[in-house]
C-alpha cells in the first residue's frame, strides 16, 4: 500500500473507532470474503457494528418507567375528581 493510499484511507476512516473498524472487518470477511476491502465497506460495517451495540445496550438497560401512584384513599380520590370537574367547568365558563 502506498503512502498516498494510506493517507486517503486515514482521511476516510477518521471518524471510525478502532473497535468498530475491527468489527466491520470481521463482518466484511464473513459476509463477502471475495470482495476487495474498501473504506466504504469499513464505514458501512462500522455503522452496523455501532447500531448493533447501541441496540443491545438499550435492550440490556431499559429505562425505568414511572407510572401514576395508585392509592386506595377514596376521600382523596373524590376530592381530586371534584376539583378536576370544577376546574373544567370554570375553564368552559371562561371560554363562553
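Residue 35 fulfils the conditions (1) within 30 Å of residue 10 (Cα to Cα); (2) free of Cβ contacts under 8 Å to residues at least 12 places away in the same chain; (3) assigned to a helix (DSSP H, G or I) except for a single criterion, (3). Looking only at residues of region 1-31 that are without any contact (Cβ under 8 Å) to a residue 24 or more places away in the chain, under 28 Å from the mean Cα position of the chain (by Cα) and outside any helix (DSSP H, G or I), we find that the one that is farthest from residue 51 (Cα to Cα) is 14.
The residues of region 66-76 that are part of a helix (DSSP H, G or I) and surrounded by fewer than 10 Cβ atoms within 10 Å (Cβ to Cβ), listed by number, are 74, 75. The residues listed here are 95, 79, 63; of these, the one that is on the phi < 0 side of the Ramachandran plot and surrounded by 10 or more Cβ atoms within 10 Å (Cβ to Cβ) is 79.
Readers should treat all values here as calculations from the given coordinates under stated rules, not as data from a laboratory. Quick caveat, the model's predicted, so the values are computed rather than measured. Quick reminder, even Gly has a Cβ in these numbers, built from the backbone with ideal geometry, and neighbours come from all protein chains shown.
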